Amino acid sequence: MMLTAKWRSGLLYAGVGAVVAYCLAPFYWMLVSSLRRTSDIFDTSLVPSSVSFENYRAVFDPAQGFGRALLNSLVVAGVTTVLALLVATFTAYAMARLEFRFKRLILTLIIATSMFPVVSIVVPLLKLFTDIGWINTYQAMIVPSMSFALPLAVWNLTTFFRQMPDELEHAAMVDGCTRGQAFRKVIIPLAAPGIFTTAIITFIAAWNEFLIALSMTNKPAMQTAPVAISKFTGATTYETPFGSQMAAGVLVTVPLVVMVLLFQRRIVAGLTAGAAK
């Protein structure tokens, strides 16, 4: 019996280790490639033969404009996350608590809007934003990003609010709170894990967005980090700067990894909240 338990435990750890290795292998290879010299970029060894930071110096060359691109990504992702959460929180609460006709249909339509491929809406949006003078502006990237972030946030938060018992508001209203005060003072603090998890997911999606940012900007000063990386130039016209692209990829990925590691408890709490009443 003990032997069987040990085998199961061993298989469990082996499976988890295999999944972790599979997920981290691309990031590890990107990190290793970013630390290689340009002359060694096609080396296939697991460890760089000679560690070099020349690729990172090339990334922050003023001609690349990568620092500005990181700032643009932070602005677009941050504003998109804040606006999506503000709208989604009230919308999800109404969808979870209010009873009205066609509620299920409305919720289905909300989530269905996120299923349209980005490429199908880029051309109409490009024409619209050109006509109203929004090209090369933050709002030209934020508004389309919200069209995909908002349905996901509404769906996640609606599911979360549904798991919270109605008695919470009733008890607060018995104590003298209005419906709005009960929502603000009781529901929102209790919903913090779910809201935080939704914020992380929304921020990561907006941070990694590429096609919209590429289509709506043609000035280097307004490009986001993913777009800037795609336009890195090598020493010659036909050279692809693999090393500097890998270094930039590490710099873009590390903040997300650190953020998830720092707040993993809140994320797990938000994902598992409402599993049992």
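The values are calculated or read from the model by the stated rules, or taken from the named source; none is laboratory data. Note that the coordinates shown come from a computational prediction; the quantities given were computed from them, not determined experimentally. Cβ atoms come from the backbone with ideal geometry, glycine included; neighbour counts cover every protein chain shown. Side chains included, ligands, DNA and RNA excluded: accessible areas come from the protein's heavy atoms. Shrake-Rupley method; radii C 1.70, N 1.55, O 1.52, S 1.80 Å.
For this structure, a couple of remarks:
- Taken as a whole, the structure leaves VAL174 outside the set of residues that are over 25 Å from the mean Cα position of the chain (by Cα) and buried (at least 18 other Cβ atoms within 10 Å of the Cβ).
- Test: residue in segment 36-49 that is free of Cβ contacts under 8 Å to residues at least 12 places away in the same chain, within 23 Å of ILE200 (Cα to Cα) and in a helix (DSSP H, G or I): no
- Applying a threshold of 9 Å to beta carbon distances and a minimum spacing of six or more residues, or different chains, the list of pairs starting in segment 253-266 at a residue that is free of Cβ contacts under 8 Å to residues at least 60 places away in the same chain and closer than 17 Å to GLY78 by Cα and ending at one that is among the polar types (S, T, N, Q) and in a helix (DSSP H, G or I) reads LEU256/ASN208.
- Complete set of residues in segment 15-34 that are touching a residue at least 40 places away in the same chain (Cβ under 8 Å) and either of a type in the set (Asp, Glu) or surrounded by 15 or more Cβ atoms within 10 Å (Cβ to Cβ) (or both): MET30, LEU31, SER33, SER34
- Contact map, segment 201-224: first residue farther than 25 Å from LEU85 by Cα and modelled with pLDDT of 90 or more, second residue of a type in the set (D, E, K, R) and surrounded by fewer than 24 Cβ atoms within 10 Å (Cβ to Cβ), Cβ cut-off under 8 Å, separation 6 or more or different chains; pairs are ALA221/ARG68.
- For segment 132-143, a residue qualifies if it is of a type outside the set (Val, Ile, Thr) and farther than 17 Å from ALA225 by Cα, and the qualifying residues are GLY133, TRP134.
- Scanning segment 119-142 for residues that are open to solvent by less than 70 Å² (accessible area, probe 1.4 Å) and closer than 23 Å to LEU71 by Cβ yields a count of 9.
- Residues that are open to solvent by less than 40 Å² (accessible area, probe 1.4 Å) and of a type in the set (Val, Ile, Thr), drawn from segment 187-237: ILE187, ILE195, THR197, THR198, ILE200, THR202, ILE212, THR217, THR224, VAL227, ILE229
- Out of ILE135, ILE142, ILE121, one residue alone is touching a helix residue (DSSP H, G or I) at 6+ places or on another chain (Cβ under 8 Å), in a loop (DSSP other than H, G, I, E, B) and closer than 16 Å to LEU211 by Cα. It is ILE135.
- Of the candidates ASN72, ASN55, the single residue that is surrounded by 17 or more Cβ atoms within 10 Å (Cβ to Cβ), part of a helix (DSSP H, G or I) and more than 21 Å from the chain's Cα centre (by Cα) is ASN55.
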